[in-house]
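Reading through the structure tokens given below for one structure.
The values are calculated or read from the model by the stated rules, or taken from the named source; none is laboratory data. Keep in mind the model is a prediction, meaning the values are calculated, not measured. Cβ: placed from backbone, ideal geometry, glycine included. Neighbour counts: every protein chain shown. Side chains included, ligands, DNA and RNA excluded: accessible areas come from the protein's heavy atoms. Shrake-Rupley method; radii C 1.70, N 1.55, O 1.52, S 1.80 Å.
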Amino acid sequence: MTYLSLWSLAAIIVVTLCLGLLFRLKQRNKQLSKALKACESSFQTEKNKTSSQSASKVGGWEFDYQSRELSWDTHTKTIHDVDETFRPTLKKAFRFLTPSSRRLLFPAIKKAKEQIAPFDKEVRLVTAGGRHIWVRILGQPILENGILSKFSGVFQDVSQYRRLQDELRLAAVTDQLTGLINRRGLHEYLNELNKSDQHSRHAVLAIDLDNFKSVNNTSDHETGDNLLRHCAKILTSEAGDADLVARIAGDEFVIVLKDANDRAQTKQLALCLMRKLSKPVEIDGRCCRISASIGIKFWDKTAEPTLKRVLIDADIALRQAKREGRSRYRFFKDSMRQQIERNSTLAEEIREGLRRDEFAPFFQPQINIRTRTLNGYEALLRWKHPSRGWLEPEDFIHAAKDADLLDNLDRQMLLKSSQSLAHLQALGLPAPQISINMSNSRLSDSKVVDNLIDVVKAQGLHPHQIALEILETVFLDDPAGHIAKNVHELSAAGFSVELDDFGTGHASISSLRKFPVDRIKIDRSFVSGIDQDKSLEELTGAIVHLAKKLNLTVIAECVETDAELAVLTAMGCDCAQGFYFAPAMPLAELENWLSSETQFTSQAR
């Protein structure tokens with residue numbers, strides 16, 4: 001059993017005990033209500049109630065309006081830490097109360113007197129012995145011949161009950177793992193801040209730990225818990241004494257900076273937090289490396305009265321930072337919210353488009369530039385939007401990613417592309433191979449290998465006719481090794497593996513060394529204008545030379561001119577695609593193109 005489980009068990013036991021105590025206190029309050037009804041004769045029956053009062057810390061009191069005398073029984077005197085010789089008066093009694101308690105009790109007594117109704121208040125007092133306690137005071141006005149004669153009532157020491165309330169409340173607003181305030185506590189704090197500060201300007205920093213989930217998934221959860229505690233200490237040490245630090249989810253934190261009028265100072269704090277959180281740290285004998293992304297929202301009550309919107313805006317800025325590459329901070333801008341709202345609308349349109357089957361693959365031929373023969377096709381996602389016409393991925397892919405819809409699009413692309421290749425094959429047209437993009441989440445799916453094999457076999461195709469395009473950066477987000485394992489299994493099953501946009505990520509060389517890559521695709525940034533840039537030509541030539549040493553096929557994308565093609569051919573590039581040969585086109589247009597472009601004969605039928 002982990003420490004976290006033990007803590008959870010202990011918490012359950014404590015809460016169970018507390019609930020039992022609360023139940024007993026509620027039962028005791030019922031007894032008090034009964035005592036209040038009988039308070040007119042409380043002093044006459046005092047001897048009969050001694051034992052029960054002692055057990056429940058309840059005492060009686062009475063004030064006579066005619067004589068102006070205040071009487072306390074033995075138990076009330078015990079509650080106040082005075083002996084039997086003490087003679088209470090109203091003046092002496094009120095001196096025991098704290099100023100705030102007097103302000104609370106006076107109006108209650110006055111109202112009870114005017115309305116001839118009972119009162120019931122919990123107040124704080126300082127006993128003669130210096131103890132600060134909570135007491136519940138109940139009083140009932142008593143009439144004689146229709147005239148107010150006296151007040152009778154009871155005292156109850158409810159300090160234990162109040163302490164229990166405080167402990168339960170603290171537990172309810174505290175994150176048990178880190179000791180920080182939790183989401184509920186954060187909302188309560190912001191509400192109080194919103195009530196008290198009318199003109200101050202504050203800053204909310206939404207912080208997300210990059211790569212924490214990978215660390216947590218590749219080690220025991222105790223290591224992950226200790227890493228979260230380590231991060232919480234960093235955040236607490238860097239925040240000011242007047243600021244609040246909260247943990248609101250697994251690896252998500254919030255810092256509220258009070259009186260944050262200096263944008264530059266807030267920026268420096270964000271940079272400091274990112275720097276300290278990104279330092280490698282040894283946890284349970286393992287070196288853990290994470291980073292942090294931060295979204296910042298400035299807030300004052302006059303400009304933004306809605307607290308929920310404040311937290312949402314900080315989170316929007318955080319998501320923008322993560323979308324731009326992680327390990328960075330971003331200040332919130334209204335344009336970000338507008339983009340989120342557009343993406344939300346677009347995401348719903350994507351869901352509807354999936355239901356209406358509006359997504360389809362377009363196909364761009366890939367040509368062997370030495371033999372000028374057809375080598376295959378790349379399947380490119382397109383959306384036939386009902387009002388905007390055909391859209392390319394850059395018009396909607398970010399919205400799809402934010403809405404977790406990439407896997408749905410991947411599945412449709414695989415199915416439709418496989419069906420299209422089988423259709424070309426049935427027509428006797430060239431159907432050598434088709435390249436299909438695969439998302440990170442799809443590649444990490446434990447069922448992806450079996451799913452791909454089933455789809456391909458259902459169309460009468462062979463796995464070697466499908467090339468899976470993988471961004472080289474996917475391996476950086478795969479410390480658990482799920483993607484690497486699936487890629488090896490897909491390669492073993494006969495699928496080709498193509499490293500897409502080669503040279504633009506951070507893992508190019510190590511990816512070629514560790515994974516079963518069959519070919520690489522040179523990104524357009526290494527192709528466009530290569531005939532006019534000698535340094536670019538040398539850099540691209542080095543990539544081609546490296547691939548040749550590793551017996552990999554090289555494909556250049558976005559080739560548009562004779563001059564670019566000539567340079568690529570001279571350096572030994574194998575294949576190319578781009579407007580120089582043909583644009584991406586729907587299946588029907590591809591059939592016509594294949595029929596007319598007789599000079600391109602397939603290398604495989």
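List of remarks:
- Estimated inter-spin distance, A172 and F106, nm [label 7 Å along Cα→Cβ]: 3.2
- Under 5 Å from the amide H of R201 lie the amide H atoms of D259, A260, each residue being 5 or more positions distant or on a separate chain, with H modelled from the backbone and absent for Pro and chain starts.
- Accessible area per residue in Å² at 1.4 Å probe, computed on the chain: 51
- Rg in Å to one decimal, and Dmax rounded to a whole Å, for the range 309-404 via C-alpha atoms: 18.1, 61
- Contact order, relative form, for the range 79-194: 16 percent (alpha carbon pairs under 8 Å, 6 or more residues apart, mean separation divided by residue count).
- Surface share of carbon and sulfur [accessible, 1.4 angstrom probe, percent] for the chain: 51
- Stretched out straight at 0.36 nm per residue, the stretch from H488 to E352 would grow longer than its current Cα-Cα span by 45.4 nm.
- The chain: mean projected area of Cα convex hull, nm²: 39.9
- Beta bridges per DSSP, both residues in the chain: antiparallel share near 75 percent.
- One decimal place: the segment K549-K213 gains 117.3 nm when fully extended, by the rule 0.36 nm per residue minus the C-alpha distance.
- Using heavy atoms of the protein chains and a probe of 1.4 Å, the accessible area assigned to K77 is about 10 Å².
- Highest mean packing first, where packing is the average number of other Cβ atoms within 10 Å per residue, the peptides 262-269, 374-381 line up as 374-381, 262-269.
- Helix content alone sets the calculated 222 nm mean residue ellipticity of the chain: runs of n ≥ 4 DSSP H residues at -39500 (n - 2.57) each, divided across all residues, give -14500 deg cm²/dmol.
- Backbone HN-Hα couplings from phi across the range 488-496 [Karplus 6.51/-1.76/1.60, Hz, Gly and Pro as x]: 4, 5, 5, 5, 5, 7, x, 6, 7
- Against the chain, whose longest principal axis comes from its Cα atoms, helix 587-596 is set at around 10 degrees.
- Helix axis angle, 334-355 relative to the chain longest principal axis, alpha carbon, degrees: 60
- The long axis of helix 99-115 is offset from the longest Cα principal axis of the chain by roughly 70 degrees.
- Judged by the mean number of other Cβ atoms found within 10 Å, the most tightly packed of the peptides 536-542, 253-259 leads the ranking 253-259, 536-542.
- Accessible surface of E69 - all protein chains present, 1.4 Å probe, nearest 10 Å²: 110
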